[in-house]
Each structure stands twice: as C-alpha cells, then as structure tokens.
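First up is the structure itself, then whatever we jot down about it.
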Amino acid sequence: RRVHGESLDALPRKRNYDLLTKMNVAQAVRDYILRIINDVSGMKVMIFDKETAGIVSMVLSQSDILEKDVFLTELLDAENRERMMHLKAIVFVRPTQDNIRLLKLELHKPNYGEYHLFFSNIIKPDAVAELAKADENEVVREVQEFFADYYAIVPSLFSLNVNTLPPASIRDLSTQDTERIVDGICSCLLSLKKRPSIRFQKTNSGVVEHIGKLVLNRMEKEKELFHQARRTDTPPLLLLLDRREDPVTPLLCQWTYQAMVHEFLGINNHRVSLRDAPNVKPDMKELVLAAHQDEFFDINLYTNFGDLGIRVKDLVDEYQNKHKSHQNIESIADMQRFVEAYPEFRKLAGNVSKHVTVMGELSRLIAEGSLMEVSQLEQELACSEAHSEAVKQIHEMLDRPQVKLVNKLRLVMLYALRYEEKGHSELSAFQDKLRLYGADQFALRSISDLIEYAGAQRRGGDLFSNKNFLSAFKKSMQRELVGVSNVYTQHKPLLDSILDQLSKGRLKDSAFPFLDASSPKDKAQDVIIFIVGGATYEESFFVDQFNKTNAGMRVILGGSTIHNSASFLGSIKAALGVADVL
C-alpha cells in the first residue's frame, strides 16, 4: 500500500517544511493548520488531543474551522463517538505514546471512512510501524508531520503551557517537562525554517545549558530537516535564558492592556473568565481576547490603561455621533451604563462592549485594592536604592486595610530581593506586621521560598542596578477620562538590557556562551529567545518595542509558560515541593 507514493510500512511520513513564513509564529501555525484542512477535500471531522485543540484555538476560531467543510471537531480520547463512515477524519495530535495507543485503538475499530494523520512534531519510526500494523482496515490515507507544537499568542510570542520552573540542579530536572520544552523549541525552529547557533545564559544551575545541548543534539539527529532551513549570510540565533535570573519582572503589577488582564484576571489560551466579577451580564462571563479575531485588542495589546480608556471612549463617542445620542460620557462607569441602555450597541459593537466590560472590572479591582499606590511602591523597590524611604513606605502600605494580603506579600518579597544582603534588614519587622494582619506561616514562608529559589546566591548575575533617581512613576500624567490614570512604569526587565547588548554585538561570551564550536562573527538578524521557566507579557512588550526600533533584527520570544505574579509564586512553591497556599 502506498501513501504519497511511499510504502506505509517503510516511510509513510511526509515532512511539511515548504511553507513560506516570516519570523511570525502565529502565521506559521495558522498556515500549517489551514494547509491540513484544505489538503483533505469533502466533508470531514477534525480530531485533536487536548494540547493540539488549544494550539489550534490560538490561531483559528471554531467558525473559521467550520467554514472549511469541517462537520464537527472531536477529542481523540472522547468515548462513545458516533460511527460516521461517510466522513473523512483529519487527526492532528502530538506524537506521544498515549496518542499512539489511542490511535491504534481507533484504527482497530474505525469510526470514519478514511484517516489523514497529522502530527505536530517528529514521530518516531517505531510509532509509525505500530500504526501501520494497527491499520488492518486500510483506512489511513496519509501520515504527515506539521511542526506546530507550540501555542502562538501573537506573531512574536509563544508559550508551551509548561508551568514549572527550572530546578536548582540538572539532576532534579523533570524528564517529561524537559522533553516538552525541547520538542516545543525544535518545532518552533522548524516552523520558521531556522537552524540557529545556540547561546545560553550561564547560571549556577546549568539547566539552560543542558536544555541547549539537548536542542543541539536534536538538530544533529534530524539533520535532514534542519538542513532545509533557509540559508542566510548570518545564521539565526537561539538564546536560552533562565527565569531565575530575573524574579522581579513576574512579581510586578502591569499597566499595558494584555499584561493587565493577565495579572488581574488571568488569560488562558486567549480566554478570560469574569465569573466572579459582580454586575457582569451572563454573556460576558467568559470572554475571548485574541488578537487574530479582535482588531481592537490587536491594536491595543500594549496600550497603557489611561490611553486605553480614551480609545474605548472614542469608539463609544463615534457610535453616539452616528446615532444622534447626546448622553454625557465621562468615565468607565458612564460607558457601562451606556452599553446597558443601548442593546443594539451591544450587538453592533460586540468587541467594544466586551472591552468596556473588561475595563470596568479592571477599574473596580484597581480602585478597591489601591493597586495604583501598590504599583508605585513596587516600581520604586524594583528600580531605586533608597532603604530608609522604602522601609517607611512599606510599613505604611502594610497598614492599609484595603490592600490585599497577597499584594502586601509581594511588596515584602521585592524588598527581600533588593535588600537581601543589607546588614540592617527590616524583613523580620515586616513579617511580624504581616502576621498581625492575617498571614499564616505558609504565607510567610513564601518570602523565604522566593529567596531560596531566586535569591542572590542562586542567581548568576547582578539583577539590580542601584541607581538613585526620582521615580518617573510619580509624575504619571492624569488624563481627561475620569477614573483612569495614564501610568508609565520605569521598570525594565533584564531582557531589555540583554536585547540592547545583543543588538550592539556586546553580549559577553563569558556570560552567554555559544554551544557551537565556532561562534558567528556578525550579529544575528533573526533571534529566537526562550525563557526556561516562563516569560511575561511585560517582556513581550519590550520585544515588540525592540522589533519596531531595530529594523535590522527580528526577535521572537518564547517561554515555558506566560506568568503573572500568582502563577510565578505558585511555580516556586511547586519547584520547592511546598503546597500552594496563596
């Protein structure tokens, strides 16, 4: 039996590597999925596993898929699926042992007339042989590899949804997590047609170096695939970083739209839950915030909260002008009342209505928790060396009843990181005050957990630049929209200085060694940065700004996951084997 002119038992897999993509992970994954769907004609069903269902949802909506003659979508592990032999099955799954087992069961008793098997990464020859043996009914028409084994969030950002931090030593590495990270990085490289040089951040643990070597070994093992990469005068670069080296960035409040939503509400595969938010309409309890299907969100991903309020207000004003309404709108609350009073507006401008709802909830949380004041102090702790003033302000913030305990803890954590090696630390006094305001021993332990995981003794470099200057944060401009301040943050993640040094060819080989035998003389034009332990939306913002201001370079950021402060602290507890109590 032949599949695309080749014996199924001998070499049934086809490596799909010929899509013309730029340095755009969202386009790469979307093109692959559309190619899969369009290559199979007629009515069909699509079968995913839980991961590939999420991967596809990041770049295509359900309606996008159904428009392509897809009758329905199913999960591979779903039980009691209806037998429909008149349909063709497109199976898009990860090449895991469990999925191979489920596919063998499916092929033994097929529910559809023919099967087109697409794997999101490299499938082992032994697994192909197992599938060939299981295909007794000869329903398999093709077996192909499409390298879409990662979650593309925006064109320059991707995640693997692996919410674990790298351990303190290589011997404690999870084999499963490590394999998933290597699989995801290699899939991204293949989808972008890159065979890069590899550099890694030199750390005390050696974890990122180890992962870099595994990626290099994979590239050597799959030379046929990686040698099809586009040839350039200067080879691209894969730069591997360790989250441990910058524990400050994931702890901070955020003030650009996408980052704010993730910090205060949480984003999971583009989905945002408002189930616990008061006064939210039932149809707004579960929202999708995806740049590829929401133009307003796409334009305003990195817009700060103050300017965002004005942009939403402008859209509402535009609607009012078209419909001769003269209702006075001065605040977010006014916008919410307007949306409720005009049901046709909700229908006509669903996206705007959605963003008014999200902004209303963000505004409520910020006001009730005094988060503007908390954030100002966070910024000063992250960026300024002024111990006496910091101690005074932290004590004042800890005494505020409206500030939530978790935010008080974060302030003390930032203090502990900055002044860890200071002789006369006020840390014990802060802990006593936290205990007075309800912190139990487990919550207090989270402070020492952070230091144990990412304190000065654990980090390889000097994270804090101890400069003494007035906070630009205090000078944030007040905007005309009542209830929203336009906040400018002064903090810059460690990644920003790494990018700056990289662009100038000054990134030190001693701190960021090459894994390859010979290092390129010229700086790379295409750079894929992967943070083992997770990236943040703040870092994504800086990558976006870098790409806009450095025409000669293109950077993509990836991470094991995308952290907010809650997920980061939870991951530290998991890494240290402590129950999550925050």
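The values are calculated or read from the model by the stated rules, or taken from the named source; none is laboratory data. Everything numeric in this text was worked out from a predicted model, so none of it was measured. Cβ placement follows ideal geometry from the backbone for every residue including glycine, while neighbour counts extend to all protein chains displayed. Please note that ligands, DNA and RNA were not included when accessible areas were found on the heavy atoms of the full protein model with its side chains. Shrake-Rupley method; radii C 1.70, N 1.55, O 1.52, S 1.80 Å.
For the stretch 229-260 and the stretch 521-582, write down the distance between their C-alpha centroids in whole Å.
Their Cα centres are 4 Å away from one another.
Give a quick list of trypsin sites (Lys or Arg not before Pro) in the stretch 65-163 that DSSP marks as loop, anything other than H, G, I, E or B, with at most 13 other Cβ atoms within 10 Å. Mind dumping the intermediate values first?
Numbers: sites: Lys68, Arg81, Arg83, Lys88, Arg101, Lys104, Lys133, Arg141; in loops: Lys68, Arg81, Arg83.
Sites meeting the loop and neighbour criteria: Arg83.
Report, in whole Å, the centroid distance computed from the Cα atoms of the stretch 301-316 and the stretch 415-465.
Centre-to-centre (Cα) distance: 37 Å.
So for each of 239-245, 509-515 I average, over its residues, the number of other beta carbons within 10 Å; can you give me the resulting order with the highest mean first? All intermediate terms of the calculation are to be shown ahead of the outcome.
Details: 239-245: 25.3, 509-515: 13.6.
The densest-packed peptide leads the list: 239-245, 509-515.
With all pairs of different alpha carbon atoms counted, what Kirkwood hydrodynamic radius in Å does the stretch 206-291 show?
Working: mean 1/r = 0.0575 Å⁻¹.
That comes to 17.4 Å for the stretch 206-291.
Regarding the stretch 491-548, what is the average projected area of its C-alpha convex hull, in nm²?
Details: hull surface 19.0 nm².
In nm², the orientation-averaged hull projection of the stretch 491-548 is 4.7.
Can you run the Rg to Rh ratio on the stretch 364-429? Use alpha carbon positions and the Kirkwood inverse-distance Rh. All intermediate terms of the calculation are to be shown ahead of the outcome.
Numbers: Rg = 11.6 Å, Rh = 12.1 Å.
For the stretch 364-429, the value is 0.96.
Kindly sort Thr175, Thr73, Thr303 by accessible area of their heavy atoms, largest first, with the probe set to 1.4 Å.
Values: Thr175 95, Thr73 45, Thr303 10 Å².
From most exposed to least exposed: Thr175, Thr73, Thr303.
Rg to Rh for the stretch 47-94: what is it, with Cα atoms only and Rh by Kirkwood? The partial results should precede the final answer.
On the way: Rg = 11.0 Å, Rh = 11.6 Å.
Expressed as Rg/Rh, it is 0.95.
Please state, as a whole number in µm²/s, the translational diffusion coefficient that the Stokes-Einstein equation yields for the stretch 409-459 at 10 °C and 1.306 mPa s, with Rh defined as the Kirkwood radius across alpha carbon pairs. All intermediate terms of the calculation are to be shown ahead of the outcome.
Numbers: Rh = 11.1 Å.
Answer, rounded: 143 µm²/s.
Could you give each residue of the stretch 237-251 its phi-based ³J(HN,Hα) in whole Hz, using Karplus coefficients 6.51, -1.76, 1.60 with θ = phi - 60°, and x for Gly or Pro?
10, 9, 10, 9, 10, 10, 4, 4, 6, 9, x, 6, 3, x, 8
Compute the Rg/Rh shape ratio of the stretch 70-218: radius of gyration over Kirkwood radius, all on alpha-carbon atoms.
Details: Rg = 18.3 Å, Rh = 17.5 Å.
My calculation of the ratio gives 1.04.
Ignoring ligands, DNA and RNA, what percent of the accessible area of the stretch 135-179 is carbon or sulfur (1.4 Å)? Present the calculation step by step, with values, prior to reporting the outcome.
Working: 710 of 1760 Å².
Carbon and sulfur: 40 percent of the exposed surface of the stretch 135-179.
Using only the alpha-carbon atoms, what does the stretch 514-573 span along each of its principal axes? Please give whole angstrom values in decreasing order.
On the principal axes, the stretch 514-573 reaches 42, 31, 10 Å in Cα extent.
Return the long-range amide H neighbours of Phe514 (sequence gap of 5 or more, or a different chain), with a cut-off of under 5 Å between placed amide H atoms.
Under 5 Å from the amide H of Phe514: no residue qualifies.
Can you give the relative contact order of the stretch 134-233 as a percent, counting alpha carbon pairs under 8 Å and 6+ residues apart? Don't skip to the end; give the middle numbers.
Numbers: 81 pairs, mean separation 26.3, N = 100.
Relative contact order comes out at 26 percent.
Give the Cα extents of the stretch 178-239 along the principal axes, in whole Å, largest first.
Computed over the Cα atoms, the extents are 35, 24, 16 Å.
When you count, for each residue, the other Cβ atoms within 10 Å and take the mean per peptide, how do 352-362, 386-396 rank with the highest first? List each step's numbers first, then the result.
Working: 352-362: 23.0, 386-396: 14.5.
Highest mean packing first, the order is 352-362, 386-396.
Under a 5 Å amide H to amide H cut-off, with H placed in plane at 1.01 Å, what residues pair with Glu222 once short-range neighbours are removed?
none
Cross-link list Lys50/Lys133; Lys104/Lys194; Lys104/Lys285; Lys194/Lys548; Lys202/Lys504: which exceed 28 angstrom alpha carbon to alpha carbon? Display every interim value, and only then the final one.
Working: Lys50/Lys133 25 Å; Lys104/Lys194 33 Å; Lys104/Lys285 40 Å; Lys194/Lys548 22 Å; Lys202/Lys504 20 Å.
Among Lys50/Lys133; Lys104/Lys194; Lys104/Lys285; Lys194/Lys548; Lys202/Lys504, the Cα-Cα distance tops 28 Å for Lys104/Lys194; Lys104/Lys285.
Please compute the per residue accessible area over the stretch 151-231 with all protein chains in place, 1.4 Å probe, rounded to a whole number of Å². Could you put the intermediate results ahead of the total?
On the way: 3190 Å² over 81 residues.
Spelled out: the 1.4 Å probe surface of the stretch 151-231, per residue, equals 39 Å².
Can you list residues whose amide H is under 5 Å from Thr536's amide H, if they're 5+ apart or on another chain and H is modeled 1.01 Å from N?
Here His563 satisfy the definition.
Hey, any idea what % of the stretch 235-294's accessible area is carbon plus sulfur with a 1.4 Å probe?
With neighbouring chains kept in place, the figure for the stretch 235-294 is 44 percent.
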